[in-house]
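Below: one structure, written as structure tokens.
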Amino acid sequence: MKPIKILVPADDLDSVTRNMLARIDALPQFSVTVAGEGEGDRGGVEAPAIRSKMDRHAIMGFRAVMKRIRPDLTFSPSTSGLATMLMASIGLGIKNIGYRGTQAKVRRSDPTNFLALLNPRVKHVVCETDDIECYLGGIIGKSKVSTATKPFELDWVKDAVAYPLAVENAPADAFKLITIGMFKGRPHKGLRPLIEAMSMLEDLNVTLTVIGSADDVDMAVAPKSVRFLGPRKDAVRFIPTHDLYVLSSTRDASPRVVREAQACGVPCLVSEIPGAKDLIAPGDTGEYIKAGDAGDIAAHIRALYHDRATLRRYASMTRDYIGRNYRENDYIAYFANLFEKIAKGK
């Protein structure tokens with residue numbers, strides 16, 4: 001039996017998705033080709049980088065690839081990639097699958113949305129969270145969407161756990177908090193209310209490590225207990241040396257770092273917002289906080305500061321929770337079933 005051929009544009013392809021595609025490619029019923037700049041050296045196919053939804057050079061380049069390898073399906077991790085695949089595959093009988101990992105609105109008033117997610121030739125869209133599926137399904141039809149939250153294997157943080165990094169000159173006896181993200185120019189990431197919460201906790205021996213970009217004004221108003229390390233490629237290695245991870249976003253889909261923290265054995269305070277709140281087991285691996293509410297954030301930190309037994313109980317359950325609920329094999333099976341279903345027209 002001929003294998004189902006799948007073409008994937010490399011743009012916005014993260015390591016989790018690459019690994020999933022490699023596992024799918026190893027199955028006898030599939031053949032996966034990743035195409036993009038530099039992909040020839042990785043065992044894929046060379047193709048132009050996708051600069052926008054209407055990148056003529058990329059469209060023509062991928063059309064040439066399609067004519068050469070004759071895929072049955074395309075799977076695009078980005079909307080620009082999906083738009084390019086839709087244009088490149090016109091008249092070739094190729095089915096196109098997209099991905100949606102953000103809660104940003106898809107407006108019919110924006111004509112560019114009809115180049116990708118709202119294009120009637122899109123066969124299916126994989127959503128990162130249930131709330132994205134619910135929202136998008138109300139626009140393009142419930143039968144065309146489904147949810148597959150990205151997996152997380154404990155082995156992915158084994159080096160961080162084995163070789164953790166501590167913040168220089170941090171008080172050894174402090175109650176240490178950490179948050180990681182690109183905060184600069186992104187107030188919805190909730191750094192300001194977290195900084196305000198730290199100002200309310202100056203009577204306690206509490207520190208906060210912030211890893212990632214931050215706005216100058218936030219750094220200027222932060223108390224001395226807040227340390228800004230800037231962007232770090234080794235950010236995950238700082239997590240195990242902290243007592244509590246805090247995600248204070250007011251909008252966030254399915255941040256990988258919450259899974260990383262729990263896999264490192266660190267409990268989490270997470271804003272009770274769609275998507276992000278589903279990543280912890282409240283009362284077992286952490287607690288919910290009110291999004292954007294500095295007072296509520298401070299109250300939860302203060303309570304755990306004085307209740308280390310509860311904090312230790314949370315910490316003892318985090319790794320088991322990740323191991324049970326974010327298995328990569330389940331993710332592989334989801335995509336294998338989806339690709340086969342779309343290819344066969346079911």
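Figures for the structure shown
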quantity: Single residue of 91, 137 found to be in a helix (DSSP H, G or I) and more than 30 Å from residue 298 (Cα to Cα); calculated: 137
quantity: Cross-chain or 6+ apart pairs with Cβ under 6 Å, the stretch 32-49 first and assigned by TED's automatic domain parsing to the domain that holds residue 78, then aromatic (Phe, Trp, Tyr); calculated: 47/62
quantity: Any hit, the stretch 323-335, residues being among the aliphatic types (A, V, I, L, M), assigned by TED's automatic domain parsing to the domain that holds residue 134 and part of a helix (DSSP H, G or I); calculated: yes
quantity: Flag if residue 119 is of a type outside the set (Lys, Arg) and at pLDDT below 95; calculated: no
quantity: Residue check for residue 246: free of Cβ contacts under 8 Å to residues at least 24 places away in the same chain and either touching a Leu at 6+ places or on another chain (Cβ under 6 Å) or polar (S, T, N, Q) (or both); calculated: no
quantity: Qualifying residue in the stretch 123-136 (condition: over 30 Å from residue 84 (Cβ atoms), surrounded by fewer than 20 Cβ atoms within 10 Å (Cβ to Cβ) and within 19 Å of the chain's Cα centre (by Cα)); calculated: no
quantity: Residues of the stretch 257-276 that turn out to be modelled with pLDDT under 95 and of a type in the set (Lys, Arg), as a count; calculated: 0
quantity: Residues being buried (at least 20 other Cβ atoms within 10 Å of the Cβ) and not β-branched (Val, Ile, Thr) - total across the stretch 312-325; calculated: 1
quantity: Filtered residue count, the stretch 279-292, keeping only those that are surrounded by 19 or more Cβ atoms within 10 Å (Cβ to Cβ) and charged (D, E, K, R); calculated: 1
quantity: Pair list, Cβ < 9 Å and 6+ apart or interchain, from the stretch 172-183 residues that are under 12 Å from residue 247 (Cβ atoms) to residues that are surrounded by fewer than 16 Cβ atoms within 10 Å (Cβ to Cβ) and of a type in the set (Lys, Arg); calculated: 180/232
quantity: Residue count for the stretch 330-341, restricted to those that are surrounded by fewer than 17 Cβ atoms within 10 Å (Cβ to Cβ) and touching a residue at least 12 places away in the same chain (Cβ under 8 Å); calculated: 2
quantity: Spans of strands (runs of 3 or more DSSP E) in the stretch 1-82 with at least 3 residues touching a helix residue (DSSP H, G or I) at 6+ places or on another chain (Cβ under 9 Å), surrounded by 21 or more Cβ atoms within 10 Å (Cβ to Cβ) and not polar (S, T, N, Q); calculated: 4-9, 30-36
quantity: From 76, 80, residue being within 30 Å of residue 258 (Cα to Cα), in contact (Cβ under 8 Å) with a residue 12 or more places away in the chain, among the hydroxyl-bearing types (Ser, Thr, Tyr) and touching a Lys or Arg at 6+ places or on another chain (Cβ under 7 Å); calculated: 80
quantity: Top-ranked residue in the stretch 76-106 [being among the hydrophobic types (A, V, I, L, M, F, W, C) and under 17 Å from residue 132 (Cβ atoms); ranked as nearest to the chain's Cα centre (by Cα)]; calculated: 104
quantity: Positions within the stretch 61-75 being under 25 Å from residue 132 (Cβ atoms) and not hydroxyl-bearing (Ser, Thr, Tyr), in sequence order; calculated: 73, 75
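Yes/no matrix, rows are residues, columns are (1) under 22 Å from residue 315 (Cβ atoms); (2) of a type outside the set (Val, Ile, Thr); (3) out of contact with any Pro (no Cβ under 9 Å at 6 or more places or on another chain); (4) assigned by TED's automatic domain parsing to the domain that holds residue 301:
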position	(1), (2), (3), (4)
161	yes, no, no, yes
165	yes, yes, no, yes
182	no, yes, no, yes
185	no, yes, yes, yes
196	no, yes, yes, yes
202	no, yes, no, yes
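Every residue, every condition in (1) assigned to a helix (DSSP H, G or I); (2) within 18 Å of residue 214 (Cβ to Cβ), yes or no:
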{"residue": "246", "(1), (2)": "no, yes"}
{"residue": "253", "(1), (2)": "no, no"}
{"residue": "259", "(1), (2)": "yes, no"}
{"residue": "284", "(1), (2)": "no, no"}
{"residue": "316", "(1), (2)": "yes, no"}
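The values are calculated or read from the model by the stated rules, or taken from the named source; none is laboratory data. All values reported here derive from a predicted model rather than from experimental measurement. Reconstructed Cβ throughout: ideal geometry from the backbone, glycine too, with neighbour counts over all protein chains shown.
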